[in-house]
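Have a look at the structure below before the remarks.
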Amino acid sequence: MTPVIELRDVHAGYGRIEVLHGVSLSTVPGQVVAMLGPNGAGKSTALKVASGRVVPQRGCFHVMGRHANGTEPDLLARAGICTIPEGRAVFPNLTVTENLRMMTHAGPRMGDVEDRAYATFPRLAERRRQLAGTMSGGEQQMLAMARALVTAPAALLLDEISMGLAPVVVDELYALVGAIASEGVAVLLTEQFARAALEVADTVALVSQGRVTAIGSPADLRGELLDAYLGGPGGVPEEADTLRARELV
């Protein structure tokens, strides 16, 4: 099966600072690939390459088998690559309905947009007249995901969707990620808090110091994940990484 998104030996960074040192990974329709690892590992940079926001300095970025280095993010979005960046990707001063209406510029009818959004996220139907900025963090994240889904994406890129959310909300969001993948959408995500992501991931790419150090099923990489978050032999973990490691025990 042709990967929807593929990075081949990608070197990338910002200016003269190289963050990724030969990253290779891919995701096919219906597959959830989770990039996990400690702070500063390069996960978000890899996701920015996959969304067109960072151009590889070396190596190749492919979308559905076609070379895509340097392709503008808006063209990738039209090709079905939908990104939900870290934070709440919503318009806080617009209502839920108004946020959804923005997606009709991509072609879908408003009725179809609302039907899909509210069927997937019933809570948004209850909040349809509420300003997005006054909703809870979890509800804002649901709205961001709803806005993405109504465009019928080929791939969904998720950057730290658990950020600042209660564990029960994170579990709910990741259950929806699993449901989205089951419809044939390729999912590539980054996470620092690994537990919920591991529940839905088919494949884990362990990222450390700008490299994919291991790739495999969640069960196969349990020991490597613990080493990565705890710093490995002789490493000195940050407190936050220690807390994330405890989730895996």
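Scanning segment 184-201 for residues that are more than 14 Å from the chain's Cα centre (by Cα) and of a type outside the set (Gly, Ala, Ser), which turns out modelled with the highest pLDDT?
Of everything passing the filter in segment 184-201, Glu199 is modelled with the highest pLDDT.
Can you tell me how many residues within segment 137-169 are in a helix (DSSP H, G or I), farther than 22 Å from Arg78 by Cα and touching a Phe, Trp or Tyr at 6+ places or on another chain (Cβ under 7 Å)?
Count: 0.
May I ask you to verify whether Ala41 is in contact (Cβ under 8 Å) with a residue 24 or more places away in the chain and within 14 Å of the chain's Cα centre (by Cα)?
It is false that Ala41 is in contact (Cβ under 8 Å) with a residue 24 or more places away in the chain and within 14 Å of the chain's Cα centre (by Cα).
Conditions: (1) within 27 Å of Pro218 (Cβ to Cβ); (2) in contact with a Leu (Cβ under 6 Å, 6 or more places away or on another chain); (3) not basic (Lys, Arg). Val28 meets all but one. Number of the miss?
So the condition that Val28 fails would be (2).
Looking only at helices (runs of 4 or more DSSP H) that lie completely in segment 16-123, which have at least 1 residues being modelled with pLDDT under 95, in contact with a helix residue (DSSP H, G or I) (Cβ under 6 Å, 6 or more places away or on another chain) and at negative phi?
Where helices (runs of 4 or more DSSP H) fall fully within segment 16-123 and carry at least 1 residues being modelled with pLDDT under 95, in contact with a helix residue (DSSP H, G or I) (Cβ under 6 Å, 6 or more places away or on another chain) and at negative phi, they are 96-101, 110-120.
Under 9 Å by Cβ, and 6 or more places apart or on different chains, what pairs join a residue from segment 183-204 that is touching a residue at least 24 places away in the same chain (Cβ under 8 Å) and of a type in the set (Phe, Trp, Tyr) with one that is assigned to a helix (DSSP H, G or I) and surrounded by 19 or more Cβ atoms within 10 Å (Cβ to Cβ)?
Phe193/Val170; Phe193/Arg244
For segment 119-132, give me the residue count where each residue is surrounded by 13 or more Cβ atoms within 10 Å (Cβ to Cβ) and under 13 Å from Asn99 (Cα atoms).
Of the residues in segment 119-132, 7 are surrounded by 13 or more Cβ atoms within 10 Å (Cβ to Cβ) and under 13 Å from Asn99 (Cα atoms).
The values are calculated or read from the model by the stated rules, or taken from the named source; none is laboratory data. Being a predicted model, the structure only gives us computed values, none of them experimental. When we count neighbours, we look across all protein chains shown, and the Cβ atoms used for this are built from the backbone with ideal geometry, even at glycine.
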